[in-house]
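In what follows, a structure is listed as structure tokens, so that the remarks can point back to it.
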Amino acid sequence: MRWLWVAVTIHSANPVYSEGDKVMAEEKGSSGFSWFLAGLGLGALIGVLYAPKAGKETREELLSSAREGTEFLKQKSRDAVDQVGDMVDRGKTQVNEYVGRSKEYVERGRAVG
């Protein structure tokens, strides 16, 4: 008697589907998977058709780009070193001017004092 109550409870808790609803749900699931496979195949086909170059050509192009990038960075670092050197030279010149002026002021102060 107890198992009958459990069966009735479970059956009443679930919504009732007709056989037509069950068949339609199964068709929707299978057609969704079919569309997924069709999309996957179409994507693979488009990828093959629009592949830019062969592997060897792509690797050579990547190496060429890497070499150009390396040369660009080397040149920019040389330019930066030159600019820093110029700034250091200007800084030394200004410091020497300030030291020279301060020596003059010290000498004037001693002469007056």
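What follows is calculated from the coordinates using simple rules that are stated; it is not laboratory data. Note that the coordinates shown come from a computational prediction; the quantities given were computed from them, not determined experimentally. All Cβ positions, glycine included, derive from the backbone under ideal geometry; neighbour counts span all protein chains shown.
Shown here are the Rg and Dmax of the Cα trace of region 42-91, at 20.8, 66 Å. Sites listed here are trypsin sites (Lys or Arg not before Pro) in region 38-97 whose DSSP assignment is loop and whose Cβ has at most 13 other Cβ atoms within 10 Å: K53. For region 37-108, chymotrypsin sites (Phe, Trp or Tyr not before Pro) are listed when DSSP marks them as loop and at most 14 other Cβ atoms sit within 10 Å of their Cβ; the list is Y50.
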